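Enquirer: My structure is below; once you've seen it, I'll send some questions.
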Amino acid sequence: MHALTVKLTIFDQKKVSMFKPKIIVGLLGIDQHEVGAVAVAGLLRDAGMEVIYAGRYNTPESFVRIAADEDADVIGISCHSWEYIEYTPELLTLIARDKLDVAVILGGSVITASDEAAMRRQGVAGVFGPGVSAEQIVSEIRSLAEARQNRLRTALQNV
Amino acid sequence: MSSITTPHASMDLVASVLHQDRRSMARLISVVENRWPGWLDAMQALYAHAGKARLVGITGAAGAGKSCLTAALALALHARGRRVAVIAIDPSSPITGGAVLGDRVRMNKLAEAGVYIRSLATRGAMGGLCQAACDVARILDAAGYELILIETVGVGQDEVDIMGLAHTVLVLCTPGQGDGVQAIKAGLMEIGDLMVINKADLPGADQVAADLQQMLHTRSVAMQRDCPVLRTTATSSEGTNELAEAVLAHAASTPKVDQKRVRFRNELLRLLDAAIEDRLMQEPVLADFNPYTVFQTWFSPALQKL
């Protein structure tokens, strides 16, 4: 009975979402606080997304390399230390230099409102500070990924 | 050199891939994996340019150290001047359709060395191997990679699918998996070309090696081919040079006779299966759910013409 239920679920699930948002989740620099990133990775998986887990010790260069090689929709950085303030501008510069179509989002309880404003001014597409809901995270990421994949699909057809 | 301006149209991507443009390769993989417009034309065109690469499948139970070993092996091959790429496969959740692709996080040194790594989710495929893996391997092949390492999901006995795709199959186990090598089911023992005892620094490695040699002896006599048993400690790269040599030696040997036929058959069946399933999705109501009627209407005429 259980096997039958699972099989039917796969059948329906395929119909519902062939759209798979692809998001990198990782930490910058020597930020050690991985628990949040792992939790969010699981949350996003449960929302039907494909999470490329990049773990700790990433640099702007390594994020950009992963984004290019995996053709990711979004780079998600888990922030529980100072690194995001220091390195996000460089990350955005590298993305522009390489003309990568990828959105950057930051998430973490240490991000203040003024930090958020500064990050958004520089080009960060989403910031999830303390108090944001799981639904909000999922919905914003899904929008960003959908918009990007639509751009790519459209470009394929316009030839 | 990576081209900054990535072409969009699928056939332009194919042209760039044949010129070994990395960004185009990454984009074409997405187009094909997602079945975006032009994917089939692209794969048809690429087929003629593929067939040179050796595919190395790396299988074994979860926790055996496949990711670490794949990375260490790739580094050793890369150090020998070989063009090597990695495909890392993880399972999609059958309930939510999502996946955490967590293999490449163990491959940082490899990524830093500039080796191409692509993560794939199975997206509902049974048997731990998806058609996407075959498609991606073909794209990498056409892009000029000599050796393509495919790290499979790691579900054990269901992994015989890899045999239809890989030229060289590595089967991993570790000491202390209970009762010798019980973790390696009969299916895996038969498909392996190289048996690797990872975490060989742990106690019990000798016993595992002895058990494996005994189990492989009968097979060797029957198939007239030895299956080497190697020991590695992937985290310290111990034994990986010897493993790289063994992989290259196997790659230099003649490929399995019916490899091409088996691979073709499996891929064709998977393509058909996916196409039929897509078509079934679109059919809101199948009048009387009579599979014989549907088969007759959809396929009989076409099959008769073949």
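The values are calculated or read from the model by the stated rules, or taken from the named source; none is laboratory data. Fair warning: this is a prediction, and the values are worked out from it, not measured in the lab. Glycine also receives a Cβ, built like all others from the backbone with ideal geometry; neighbour counts cover every protein chain displayed.
Enquirer: Do you know which residues across region A:21-38 are of a type in the set (Val, Ile, Thr) and either modelled with pLDDT of 95 or more or not in a loop (DSSP other than H, G, I, E, B) (or both)? Break it down stepwise before answering.
Expert: So the first thing to find is which residues in region A:21-38 are of a type in the set (Val, Ile, Thr), and the list is A:23-25, A:30, A:35, A:38.
Result: A:Ile23, A:Ile24, A:Val25, A:Val35, A:Val38.
Enquirer: Does B:Ala26 fit the bill of being assigned to a loop (DSSP other than H, G, I, E, B) and either more than 10 Å from chain A (Cβ to nearest Cβ) or touching a residue at least 60 places away in the same chain (Cβ under 8 Å) (or both)?
Expert: Working: assigned to a loop (DSSP other than H, G, I, E, B): no; either more than 10 Å from chain A (Cβ to nearest Cβ) or touching a residue at least 60 places away in the same chain (Cβ under 8 Å) (or both): yes.
In short, no.
Enquirer: Which residue out of B:Arg35, B:Arg80 is farther than 19 Å from A:Lys22 by Cβ, basic (Lys, Arg) and surrounded by fewer than 23 Cβ atoms within 10 Å (Cβ to Cβ)?
Expert: Numbers: B:Arg35 fails: farther than 19 Å from A:Lys22 by Cβ.
After applying the criteria, what remains is B:Arg80.
Enquirer: If only one of B:Asp141, B:Asp90 is within 12 Å of chain A (Cβ to nearest Cβ) and among the charged types (D, E, K, R), which one is it? Break it down into steps so the answer makes sense when it comes.
Expert: Values: B:Asp141 fails: within 12 Å of chain A (Cβ to nearest Cβ).
Within the list B:Asp141, B:Asp90, the selection yields B:Asp90.
Enquirer: If you don't mind, another one. Can you pull out every residue in region A:42-71 that is of a type in the set (S, T, N, Q) and either under 12 Å from B:Arg104 (Cβ atoms) or within 7 Å of another protein chain (Cβ to nearest Cβ) (or both)? Break it down into steps so the answer makes sense when it comes.
Expert: Taking region A:42-71 first, the residues of a type in the set (S, T, N, Q) are A:58-59, A:62.
Result: A:Asn58, A:Ser62.
Here's the yes/no breakdown for (1) farther than 23 Å from B:Lys199 by Cβ; (2) modelled with pLDDT of 95 or more:
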residue: B:Lys66; (1), (2): no, no
residue: B:Ala71; (1), (2): no, yes
residue: B:Ile87; (1), (2): yes, yes
residue: B:Ser92; (1), (2): yes, no
residue: B:Ile95; (1), (2): yes, no
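Enquirer: Determine whether region A:123-137 contains at least one residue that is within 14 Å of chain B (Cβ to nearest Cβ), touching a residue at least 60 places away in the same chain (Cβ under 8 Å) and buried (at least 18 other Cβ atoms within 10 Å of the Cβ). Working first, answer last.
Expert: Start the filter on region A:123-137 by keeping residues that are within 14 Å of chain B (Cβ to nearest Cβ), which leaves A:134, A:137.
Next, only the ones that are touching a residue at least 60 places away in the same chain (Cβ under 8 Å) stay: A:134, A:137.
Going one step further and asking which of them are buried (at least 18 other Cβ atoms within 10 Å of the Cβ), we end up with A:137.
Among the residues of region A:123-137, at least one is within 14 Å of chain B (Cβ to nearest Cβ), touching a residue at least 60 places away in the same chain (Cβ under 8 Å) and buried (at least 18 other Cβ atoms within 10 Å of the Cβ), which makes the answer yes.
Enquirer: Now a separate question. Quick one: in region A:138-159, which of the residues that are touching a residue at least 60 places away in the same chain (Cβ under 8 Å) and within 19 Å of A:Ile77 (Cβ to Cβ) is farthest from the other protein chains (Cβ to nearest Cβ)? Full working, then the answer.
Expert: Our first condition is that a residue be touching a residue at least 60 places away in the same chain (Cβ under 8 Å); within region A:138-159, this holds for A:138, A:141-142, A:144-146, A:148-149.
Narrowing the set further to residues that are within 19 Å of A:Ile77 (Cβ to Cβ) leaves A:138, A:141-142, A:144-145, A:148.
Values: A:Val138: 10, A:Ile141: 12, A:Arg142: 11, A:Leu144: 16, A:Ala145: 12, A:Arg148: 11 Å.
Among those residues, the one meeting the criterion is A:Leu144.
Enquirer: Right, something else. It is to be established whether one or more residues within region A:90-111 are modelled with pLDDT under 95, of a type in the set (Asp, Glu) and either farther than 27 Å from B:Leu28 by Cα or part of a helix (DSSP H, G or I) (or both).
Expert: No: zero hits.
Enquirer: What is the residue count in region B:94-111 for residues that are charged (D, E, K, R) and surrounded by 23 or more Cβ atoms within 10 Å (Cβ to Cβ)? Outline the logic, then answer.
Expert: Looking only at region B:94-111, we keep the residues that are charged (D, E, K, R), and these are B:103-104, B:106, B:109.
Restricting the remaining residues to those that are surrounded by 23 or more Cβ atoms within 10 Å (Cβ to Cβ) gives B:103-104.
Counting residues in region B:94-111 that are charged (D, E, K, R) and surrounded by 23 or more Cβ atoms within 10 Å (Cβ to Cβ) gives 2.
Enquirer: Does region A:72-95 contain any residue that is at the interface with chain B (Cβ under 7 Å from one of its Cβ atoms) and out of contact with any Cys (no Cβ under 9 Å at 6 or more places or on another chain)? Please lay out each step first, then the result.
Expert: Here is the first cut: in region A:72-95, the residues at the interface with chain B (Cβ under 7 Å from one of its Cβ atoms) are none.
No, every residue in region A:72-95 fails to be at the interface with chain B (Cβ under 7 Å from one of its Cβ atoms) and out of contact with any Cys (no Cβ under 9 Å at 6 or more places or on another chain).
Enquirer: Moving on. Please verify whether region B:192-207 includes one or more residues that are under 19 Å from B:Cys68 (Cβ atoms), among the β-branched types (Val, Ile, Thr), modelled with pLDDT of 75 or more and not in a helix (DSSP H, G or I).
Expert: yes
Enquirer: Of the residues B:Ala121, B:Ala48, B:Ala76, which single one is more than 9 Å from chain A (Cβ to nearest Cβ) and either within 22 Å of A:Gly26 (Cβ to Cβ) or touching a residue at least 12 places away in the same chain (Cβ under 8 Å) (or both)?
Expert: Working: B:Ala121 fails: more than 9 Å from chain A (Cβ to nearest Cβ); B:Ala48 fails: either within 22 Å of A:Gly26 (Cβ to Cβ) or touching a residue at least 12 places away in the same chain (Cβ under 8 Å) (or both).
None of the others qualify; the one that does is B:Ala76.
Enquirer: Could you say which residue among A:Ala41, A:Ala72 is out of contact with any Ser or Thr (no Cβ under 8 Å at 6 or more places or on another chain), modelled with pLDDT of 95 or more and assigned to a loop (DSSP other than H, G, I, E, B)? It would help to see each step written out before you state the result.
Expert: On the way: A:Ala41 fails: assigned to a loop (DSSP other than H, G, I, E, B).
It is A:Ala72.
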